[in-house]
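So the structure is just underneath, and the comments pick up after that.
The values are calculated or read from the model by the stated rules, or taken from the named source; none is laboratory data. Everything numeric here is computed off the predicted structure, so don't read it as measured data. Cβ coordinates were reconstructed from backbone atoms using ideal geometry, including for glycine residues, and neighbour counts include every protein chain displayed. Ligands, DNA and RNA are excluded from the accessible area calculation, which covers all protein heavy atoms including side chains. Shrake-Rupley method; radii C 1.70, N 1.55, O 1.52, S 1.80 Å.
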Amino acid sequence: MFNDQELKGSNSTKKSNIRIIGSIVVGLSGVLLFLDKILSLTGIEGSNTFGFSNYSNFIWVLTQGIAPIILALGILLRPYFLSVLIPVYCYSIQIIWIFQPQYYYDNEYLHFYAIGSCFIFVLLFLFINKVSRIKHKNNLEIEQFIEKANTFMKEVDKSLIKN
């Protein structure tokens with residue numbers, strides 16, 4: 001009914017679609033961090049603050065707790081790497097707001113810091129990836145050496161048994 005090429009293409013398309021969905025989920029986990037700002041701009045207010053001083057603070061704390069869970073679920077779908085930069089960027093902004101609450105979203109230093117954080121994240125990722133590849137290469141070389149040494153020892157054993 002289907003040839004191998006069609007099945008491979010279908011499998012590849014499914015994987016790509018899953019990665020796209022994962023990328024969207026990861027991106028949304030970053031944007032979710034700004035839900036309190038979005039709600040306050042639209043004028044949406046809730047009456048139950050669950051003990052927080054206002055509804056905006058409640059939503060901010062809630063999204064800070066939910067966003068990492070959504071990020072983890074998105075990571076399980078193997079998103080494209082660049083999509084991970086969205087939550088890194090958003091979390092960087094959140095961190096600077098914790099220490100410098102007087103900065104607003106249109107502050108250029110805020111974005112400079114967030115872009116710098118993304119850049120450092122990419123460099124750290126590349127460094128860890130490089131170290132991992134070197135370690136994997138070294139492990140393969142060790143396995144090959146052990147295999148050659150075992151083969152050599154078997155040949156030596158055979159020659160000693162014959163004599």
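A simple count of charges around LYS135, restricted to other residues whose Cβ falls under 13 Å of its Cβ and scoring Lys, Arg +1 and Asp, Glu -1, yields +1. Note: relative contact order over the stretch 6-163, using C-alpha pairs below 8 Å and six or more positions apart, is 25 percent.
The phi torsions of the stretch 70-79, fed into the Karplus equation with coefficients 6.51, -1.76 and 1.60 and a -60° offset, translate into couplings of 5, 4, 4, 5, x, 5, 4, 8, 6, x Hz, rounded to whole numbers, with Gly and Pro shown as x.
Relative to the longest principal axis of the Cα atoms of the chain, the long axis of helix 108-162 makes an angle of roughly 20 degrees.
Quick one: order HIS136, HIS111 from most to least accessible surface, probe 1.4 Å.
Largest to smallest exposure gives the sequence HIS136, HIS111.
Straight-line cross-link reach from LYS137 at under 22 Å between alpha-carbon atoms covers these lysines, not counting any fewer than eight positions away in the same chain: LYS148.
If you place +1 on the Cβ of every Lys and Arg, -1 on the Cβ of every Asp and Glu, and leave all else neutral, what size is the dipole of the chain about its Cα centre, to the nearest 20 Debye?
Computed charge dipole of the chain: roughly 740 debye.
Every helix of 4 or more DSSP H residues in the chain counts as -39500 (n - 2.57), and over all residues that averages to -28000 deg cm²/dmol at 222 nm. Toward the positive end of the charge dipole of the chain, with +1 on the Cβ of Lys and Arg and -1 on the Cβ of Asp and Glu, the farthest Cα among ASN11, THR49, ALA72 is that of ASN11. Here the stretch 110-161 and the stretch 37-107 have alpha carbon centers that stand 38 Å from each other.
For the chain, the alpha-carbon coordinates run over 93, 51, 32 Å along the three principal axes, in decreasing order. For the peptides 16-23, 36-43, 139-146, 70-77, the ranking by packing is 70-77, 16-23, 36-43, 139-146, with the highest mean count of neighbouring Cβ atoms within 10 Å listed first. Toward the positive end of the charge dipole of the chain, with +1 on the Cβ of Lys and Arg and -1 on the Cβ of Asp and Glu, the farthest Cα among SER40, LEU82, THR151 is that of THR151.
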